[in-house]
Each structure stands twice: as C-alpha cells, then as structure tokens.
Amino acid sequence: MDNSRDDSESDATAESSGDGPPTLAEAREMDHDDALSHFRDRFFIPDDELYADGNSLGLCSVDAAAALDEAVEQWKTLAIRGWTDADPEWYTYGERLGDRLAPLVGAEPEEVVVGNSTTVNIHTLVGTFYDPSRGEKILVNDLDFPTDHYAIRAQLRQVGRDPDENLRVVESRDGRTIEEDDIVAAIDEDVGMVFMPSVLYRSGQLLDIERITEAAHDAGALAGFDLAHSIGAVPHALSDLDVDFAVWCHYKYLNAGPGAAAGLYVNERHFGVTPALAGWWGHEKETQFEMRHTYTPAHSAGAFQIGTPPILAAAPLDGALDVVEDAGIDALREKSLALTDSLIELVDDRLPDCEVGTPRDPTRRGGHVAVEHPEAYRISEALKDRGVIVDFRAPNVVRVCPSPYYVGFEDVYHMVEHLEAIFEDAEYEQYEKRGGGVT
C-alpha cells in the first residue's frame, strides 16, 4: 500500500512556512540534513509500512540478526565448548554486555549486567533491598506499568507486609502525568524505598531522576527506577546521581528482539549483598564450578544473575549495540526530540479533535507521543489497516513512537496525514469498539 499522497500534489502545496509545523518540503529537508538517516538502512523495515511502535517492540537490525546467526553457528560447531571457546565466550556474556550498556545508563561497567527478565529483576532487587527497619512503605505511582506493582506487592507479602497498607501510591492529578512535587511530598520517614519509572508508559512523561533520588536519600530511603521506556532513547547518569538500583528491557528502543534478556544496574556501594533470589550464575566466577553449597555472591551487579544466561536471547543485543554505539546516544536523543517536536506540532495544527498527552517540555519527554482521543482504539485499528503501525493504551491513547533509529521526518508527516484522513472520512467508525482491558 502507498503510505504517502501523490508527490506532485504534495510538493505543490509544501512551500516552506518558516513558522509553525513542518511542511512536507521541510520534513524532506530535515531528513536530507539528518546525520543519522542512513542508520535506517541497517534495519529490516516491514514492506509498505510506517512503523511507529518502536517503544513497544523495536525493529530487527542487520547487526542483531548477524549476531544471532553467529551464536547459532557457534552452537552448531562448538557445542558445549562455546562457554569458553566462542568469540565472545558465553561464560561471561552477561557481564560483557553489561560493560557495553554501562555508558548508556551512566554507570561503571561492573555496575551493570544482562540477565533474567525485567519483572524477575524487579523481584530480586526489591526483595534484596527492601528493609522494613529503614521504612515500611514503598513509594510508587498510579500510572506505573502494572508488572512493577505486581512484583512489589508480591515482595511485600513475602516479608509479611500487607501491600494495601505498605504500598504508598502517588496519584496523578490529570490521569496523564505525575507531579514531581507530589512524589517528593510523599517521601517521609515511613518510606524505605522509592521505585519509579524513568518514563511513564502511557504519556511519555520523563521524570526527574536526580530530584527523586536526592529526595529519597534525604529521607533515608533507597531509590530505584524502571528504565524500560527510556534506555536507548534517553541518556542516563545513574552513578553520578547516586541511584541505588535500576531495571530495564532491551526490546524497545534498543531493538534486541522480542523477549530479549533484560538488564539491571546496582550501585557499587551495594556490592557483596546476597540477592533475595540467589542463583548459581550470580556466584563469584572464580569458584562457581567448585559447586559449593554455600553461596558467595559476585562482587558486582553480576551477583543478580540467577540462572544460566539465555545466549540465543542475548545475542541480538550484542549486535544491536553496534548500532547504538555507531550512532551515539546523545545524537539519538537529539533526533528523538526533534521527531517528537515535529509530531506534536503537526498534531496541534492538523488534528483539532485530538489532544497531546505528552509533556511539551523536551526535558520532560521520553521518545513517544500520546495522541489522545475518545475513539483511540478504533483509530489505532484504522491506522494499522493503512499500514501505520502504532499501539493503543486504555482508555484513550494512541501511542506514536518515531524511533530515531529508523523513522524519518517525512514519515512523521505522513503519519499525521493518515490520521487526518481517518478523521475526515470518519474511517474509525467502521471498527468495533473495544470491549475493555489494556493491551
């Protein structure tokens, strides 16, 4: 299918405007001047689609596919010898990937490791660091991704605490965003841990990690973060900000594939602690194969690995990081903000029936934009049938993610054109209303 209007018609009406949202000609000029535009060629772009769902599942790159192929080939040719003879060796795969990820989160190499899943990492880190004597309550917010609450509530039950009493929830004032003043005000001597997302998954609001961490520490609490919706699109400085721990996935902006092994950060001052979910792969490497029944944790974030690393689920990340390193996280952030700026301006100008639920301040914005409308579900379905791949989040959000790795400014322009056409002809009315639930 054709995702753009007739070029001759568009060019005739796309004179440079100077002010306001970009015209088609200006979008094309921005693509021409974009130093990262050629990275698109390193990705497998679905035919005849405008892919704007990279905040949910990033696209496969040539680099990621090659790394996976290489791991499979090593399995074929080396078999068990791959643990020590593969290049890179499998035995230290999680630590080595942690070394590569450390600059993206602003950490020392030994403070980062790849392993487990995001939810498992929340369980093990919260379970390890929650100490009721420090403060019985864990502070979260009501716009969190649900798995964060599931895991934290489970960990509270494990130590005999009632989650309804000890999970303190900061409520949103507008249903979109969380006021950081409210987070800070909720931190008192009863709070032993603050656990917040870096970016809210619906609206794309970027929270101030520095301010939240400082407030937590001033009250004697620990500060942990879920970076799932920011890593790979937003630079971080976890060590400099003295964050205690963090978790994230790699299948969104880092494009490491569905179900890719997750990552975590632990500040070095916590090295040596015994993880709540201890497993043999977190044992110190020097004596791991002595098979002692007494657990000795690795003196690094590597202690929080639990089971044997899933090499075939981790290998694509190895290749995907080649793309990130070649592009540079600061350049990716700059382009991401420019793309979301363009998207917001175009929605404001051309879609009067929609609202933007994402902060307009670029310092408070992640990598996606929440386009709000009461018929968001049916609109998202109409977009997909037009080849514009987005996702819906209840109750009223179409999430549009112009990933800086493979989406261009002209792509953004045409995405809004499609939305405009859907409203002009009321195309969404052809689709059934959603019966409920969150995808």
Verdict on T128 being within 19 Å of H229 (Cα to Cα) and at pLDDT 95 or above: no
Search result, residues across segment 123-150 that are under 19 Å from R269 (Cα atoms) and in contact with a Ser or Thr (Cβ under 9 Å, 6 or more places away or on another chain): T128
Any hit, segment 323-345, residues being within 22 Å of V247 (Cβ to Cβ) and more than 20 Å from the chain's Cα centre (by Cα): no
Any hit, segment 121-140, residues being touching a Pro at 6+ places or on another chain (Cβ under 9 Å), surrounded by fewer than 23 Cβ atoms within 10 Å (Cβ to Cβ) and farther than 30 Å from A314 by Cα: no
Residues located in segment 197-239, provided they are surrounded by fewer than 21 Cβ atoms within 10 Å (Cβ to Cβ) and closer than 18 Å to L254 by Cα: P235, A237
So R211, is it among the charged types (D, E, K, R), closer than 26 Å to D53 by Cα and modelled with pLDDT of 95 or more: no
Residue list for segment 294-308, filter: surrounded by fewer than 22 Cβ atoms within 10 Å (Cβ to Cβ) and within 17 Å of V266 (Cβ to Cβ): Y295, T296, P297, H299, I306
Residue satisfying condition, being part of a helix (DSSP H, G or I) and not assigned by TED's automatic domain parsing to the domain that holds F145, within set T84, T124, T119: T84
Complete set of residues in segment 284-319 that are in a helix (DSSP H, G or I) and over 32 Å from the mean Cα position of the chain (by Cα): E286, T287, Q288, F289, E290
Set D425, D353, D385: member being surrounded by fewer than 16 Cβ atoms within 10 Å (Cβ to Cβ), among the acidic types (D, E), more than 19 Å from R333 (Cβ to Cβ) and modelled with pLDDT under 95: D425
Cβ pairs under 6 Å, 6+ apart, first in segment 36-52 and among the charged types (D, E, K, R), second loosely packed, with under 11 Cβ neighbours inside 10 Å: D48/M1
Extreme residue, farthest from V397 (Cα to Cα), among residues of segment 140-165 that are of a type in the set (V, I, T) and not in a helix (DSSP H, G or I): V159
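The values are calculated or read from the model by the stated rules, or taken from the named source; none is laboratory data. All values reported here derive from a predicted model rather than from experimental measurement. As a convention, Cβ positions derive from the backbone with ideal geometry for all residues, glycine included, and neighbour counts pool all protein chains shown.
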